Each structure stands twice: as structure tokens, then as C-alpha cells.
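Colleague: Take this structure first; my questions come after.
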Amino acid sequence: MTLDVLTPRVLYCHCAYAAVVPKATKEAVLRGLTDAGIAFDAVPDLCELSARRDPMLADLTGDGPTKLVACYPRAVKWLFHAAGVELSQNIEVLNMRTDDADAILADVLGTPSTAPEVTA
Amino acid sequence: MSALPMADAKAATITRFRVAVYESTGAEPLDPGVRGDLVSALLAKGYAVTVVRRGATLARFTAGTLVVLGRFTEAKPLEAADGPVAIHFRDVAALTAAQAVEVVDGLRGGEALTKPGAWKPWFPVIDYDRCTNCMQCLSFCLFDVYAVSADKKIQVQNQTKCKTDCPACSRVCPEVAILFPKYRHGPINGDVIGADDVRREVMKVDISALLGGDIYQALRDRSAKSKSRFAKERDEDRALEERQKCLVALGKSLEIPPEVFASLPSIDEIRTKADQAAARATAALADR
């Protein structure tokens, strides 16, 4: 039997088709994620996926805890809803429009969930 | 949740395509700099990317095309399949990030995919925690972005018909329930709504009311006056100037880009569309 810490998945939005997320912030966050050597999912633009009702949105939001690095939580929630996907309570949205890269990376990389997952 | 309509015809033709940067069993990890450059380059080209590390739980991929890039230590077939997932393995040990992206481009070439970034994703998103289903947005929008669902709820149906950078419908929403996530300022961008925001939005609605109580009515009135003046004075320039003044005032109060006015239908078409939208809204409200 092994005792693993249940680490939240990470989903990063690059907000590629508009300049509303500070470029320096999103690039620093992305570089921090890739430098850390963690597993994560990244999409070019959640808005575009929502507008297309891309089925990938449902795939990207599983049942487990997820840190979703994007923009305002209210916007993210209703973008997913518009695509027919409801975000679960396990999803925490981090806002690159208001928070700096260091704070976001500290949140994503610094604190694994306290909920243990036991696997045989 | 109520069933949502198909937003656009193109939604039905979405082909799932994802790139996995694979650093788990059977592969060596990439240098962090290479990994960063590769992921950045892929995102810039519009690809969804999954970085795969040993022991991590990742998003499922249930159908479509998956391109797996890695420094493989075990022989991999170029092509494989896992049920409805077509898998392409490509070793990128000797490639730069740009070259790896070219490999992905080549694999994507045969797929009928929507060109990423061809359209700035600008469209309204409804906050149903706030929306009262008053149908003002349906009555207001001339571009058929809004529609009513089978259960008589307002919804955004034609996102791509929305005019880029125009947030005007959010300005006429009395509940601040319409978001444009790529808008510059809150609360329209999704920021938390404060009491001051609600008051400010109400004031803006009042400003539009000052233009004539109804924006379309204002346009019609101005047009009628212009026509009357034109008939009396046969002064085409003056009529156009009058209409232009009205549009400039409207644009400033609702932050409507000039391009939107340039693409407005004719006054007769506006009248028809407004009447149709009003009829749909009235019918939806009557059936509630």
C-alpha cells in the first residue's frame, strides 16, 4: 500500500487572442509551471473553447481538485456554463488579471491538498 | 441544467486535437528550458497541451487525435490507436521547439480543424446567478446574438455574430448580468460586482434612456427628423450630419465602436429586427 498526497491538477489558460491578461504575468506563470517539472494541462484560450463548445472543456474538468489559472472566477464559471460544462466545487480559479505571477505560482506549486489518497 | 442549443454550426465539426509533452515511463524528461519553449510555442500556435509526468492525474482524452512528443527511451510506433483516439508518437530529442511545432503542424494538416485565433473570441456570457430573464438584451441586439431557449430562457446562441469590442448589450442589462471576459474593465470583465457598479450601470441605462427611452426609437426619430428636413430642404449633407451626431452620442454613452455602426443594417431593417426581437421577448415573457 502507498500513501500519496492528492495533488490538484493544474489547468492553465494562455488567453492567446487578447491582451487583457498582462503578458508578463502569463509568461512568468507558464515558465514557472514548465520549470517546476509538474504535470499540467494548458489551453490557448478558454473563451475560444467556450464559444466553440469544444468537448475538450468537459475533458479538462474532472472530478478531482483542480487549480484553474485564468482570469476572473465569475467569468470562468459562466464561460464553462455557456459551453454546457458545470465547474465542480473542487475547482479553484486563480486570476492572472489581478494577481501577480509569484502569488499564483506559490498557490499552485506550494501547497498540496491535505486530503490523502490511499491506493493499494 | 437546461439543454443548451448548438451555438454555431461549426461547433458540430469540432475535431479534438491535443499535444502531449510526454515525460513519464519510457521517456526522459526534457530540459526545463526546452520544455518551456516547446509548450509556449505550441500554445502560441493554438494547440492544447498536456505535460505528462509520472504519477500525476491528467485530464482525460476520450476521442480525437493525440500527438505525443518526447525523448523516448523505448521504441514507439509512429502511429497507434486507443479506441476512438488516434495517437501519433514523435521523438523530439534532436529537434528545437520550432521544429517540433512544425512536426505537429504537419500532423494537423490533414485534420479539418478550426483555425486557431482566426476570430477574437469576443461574445457575451450570461451570469445566470444575476439574470432575471428580462429580455432587454434580446430586444437590444441587432445582430441576432441572443435567442430564447425551448424553456423560454435568454441565452447566447450566435457568438460569432457579436461585434468585436462592442459591450453595448452589457450596458443596457439592468442586472449587470452580461459579461465580456475579454473586456478591459470590471464588472463587465467578470470582476466582483459592487453596489457602486450596479448604480453606475443603472445610470448608463438612464443615459441611453435620455436619448429617447429606446435606442431604436431614438434612431427612428432621428431618421424621421432627418427625412423630414431632407424633404423640406433637400439637404442631404445636413441629414447625414444629424444622424451622425446621434450615432456619436450613442456610441460614447454605450462604448460602441464605430465599426459597429458601420455594419448596422438599414433603418427599415433595424425596425423589422427590433420588432421581431420585441415580439420574441414578449412571447417568452408571456409564457413564463
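Colleague: On the basis of being within 7 Å of chain B (Cβ to nearest Cβ) and out of contact with any strand residue (DSSP E or B) (no Cβ under 6 Å at 6 or more places or on another chain), does A:Leu57 make the cut?
Modeller: no
Colleague: Then there's this: With the checklist (1) out of contact with any Leu (no Cβ under 9 Å at 6 or more places or on another chain); (2) at pLDDT below 95; (3) more than 8 Å from chain B (Cβ to nearest Cβ) in hand, flag the one item A:Lys26 doesn't pass.
Modeller: A:Lys26 satisfies every listed condition except (2).
Colleague: Output yes when any residue across the range B:75-93 is under 25 Å from A:Gly32 (Cα atoms) and either within 14 Å of chain A (Cβ to nearest Cβ) or touching a Ser or Thr at 6+ places or on another chain (Cβ under 9 Å) (or both), and no when none is.
Modeller: no
Colleague: Limited to the range B:63-92, what total is found for residues that are assigned to a loop (DSSP other than H, G, I, E, B) and touching a residue at least 40 places away in the same chain (Cβ under 8 Å)?
Modeller: So the answer is 5.
Colleague: Oh, and also: Can you name every residue in the range A:44-67 that is closer than 22 Å to A:Ala106 by Cα and either among the charged types (D, E, K, R) or modelled with pLDDT of 95 or more (or both)?
Modeller: Within the range A:44-67, just A:Lys67 meets the criteria.
Colleague: Within the range B:44-74, how many residues are under 23 Å from B:Pro32 (Cβ atoms), of a type in the set (Val, Ile, Thr) and more than 7 Å from chain A (Cβ to nearest Cβ)?
Modeller: 3
Each row is one residue, and each column tells you yes or no for (1) surrounded by 18 or more Cβ atoms within 10 Å (Cβ to Cβ); (2) farther than 23 Å from A:Ala16 by Cα; (3) charged (D, E, K, R); (4) modelled with pLDDT of 90 or more.
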site	(1), (2), (3), (4)
B:Val39	yes, no, no, yes
B:Val51	yes, no, no, yes
B:Gly55	no, yes, no, no
B:Leu58	yes, no, no, no
B:Asp105	no, no, yes, yes
B:Val125	yes, no, no, yes
B:Thr132	no, yes, no, yes
B:Asp144	no, yes, yes, yes
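Colleague: Every residue in the range A:18-63 that is polar (S, T, N, Q) and in contact with an Asp or Glu (Cβ under 9 Å, 6 or more places away or on another chain), please.
Modeller: The answer is A:Thr25, A:Thr34, A:Thr61.
Okay, residues lined up against (1) among the small types (Gly, Ala, Ser); (2) under 30 Å from B:Asp275 (Cα atoms); (3) not assigned by TED's automatic domain parsing to the domain that holds B:Pro32:
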position: B:Val67; (1), (2), (3): no, no, no
position: B:Gly70; (1), (2), (3): yes, no, no
position: B:Glu74; (1), (2), (3): no, no, no
position: B:Leu78; (1), (2), (3): no, no, no
position: B:Cys134; (1), (2), (3): no, yes, yes
position: B:Cys141; (1), (2), (3): no, yes, yes
position: B:Val148; (1), (2), (3): no, yes, yes
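Colleague: Would you mention how many residues in the range B:155-179 are under 20 Å from B:Pro121 (Cα atoms) and either of a type outside the set (Ser, Thr, Tyr) or not assigned by TED's automatic domain parsing to the domain that holds B:Asp197 (or both)?
Modeller: Within the range B:155-179, residues that are under 20 Å from B:Pro121 (Cα atoms) and either of a type outside the set (Ser, Thr, Tyr) or not assigned by TED's automatic domain parsing to the domain that holds B:Asp197 (or both) number 17.
Colleague: Name the helices (runs of 4 or more DSSP H) wholly within the range A:1-111 that hold at least 2 residues that are more than 22 Å from B:Glu23 (Cα to Cα) and without any contact (Cβ under 8 Å) to a residue 60 or more places away in the chain?
Modeller: So the answer is A:46-52, A:56-60, A:73-82, A:101-110.
Matching residues to (1) surrounded by fewer than 20 Cβ atoms within 10 Å (Cβ to Cβ); (2) facing another protein chain (nearest Cβ under 7 Å):
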{"site": "A:Cys13", "(1), (2)": "no, no"}
{"site": "A:Ala36", "(1), (2)": "yes, no"}
{"site": "A:Ala39", "(1), (2)": "no, yes"}
{"site": "A:Pro44", "(1), (2)": "no, yes"}
{"site": "A:Cys47", "(1), (2)": "no, yes"}
{"site": "A:Ser50", "(1), (2)": "no, no"}
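Colleague: Output yes when any residue across the range B:136-159 is of a type in the set (Val, Ile, Thr) and under 29 Å from B:Gly33 (Cα atoms), and no when none is.
Modeller: No, the range B:136-159 contains no residue that is of a type in the set (Val, Ile, Thr) and under 29 Å from B:Gly33 (Cα atoms).
Colleague: Another question, if that's okay. Among what's in the range B:16-43 and is aliphatic (A, V, I, L, M) and in a strand (DSSP E or B), pick the residue that is farthest from the other protein chains (Cβ to nearest Cβ).
Modeller: Per the criteria, the residue is B:Ala27.
Colleague: Quick one: in the range B:252-288, which of the residues that are touching a Pro at 6+ places or on another chain (Cβ under 9 Å) and either modelled with pLDDT under 75 or among the charged types (D, E, K, R) (or both) is farthest from B:Ile188 (Cα to Cα)?
Modeller: B:Lys273
The values are calculated or read from the model by the stated rules, or taken from the named source; none is laboratory data. Predicted, not measured: the structure shown is a model, and the values here were computed from it. Cβ atoms come from the backbone with ideal geometry, glycine included; neighbour counts cover every protein chain shown.
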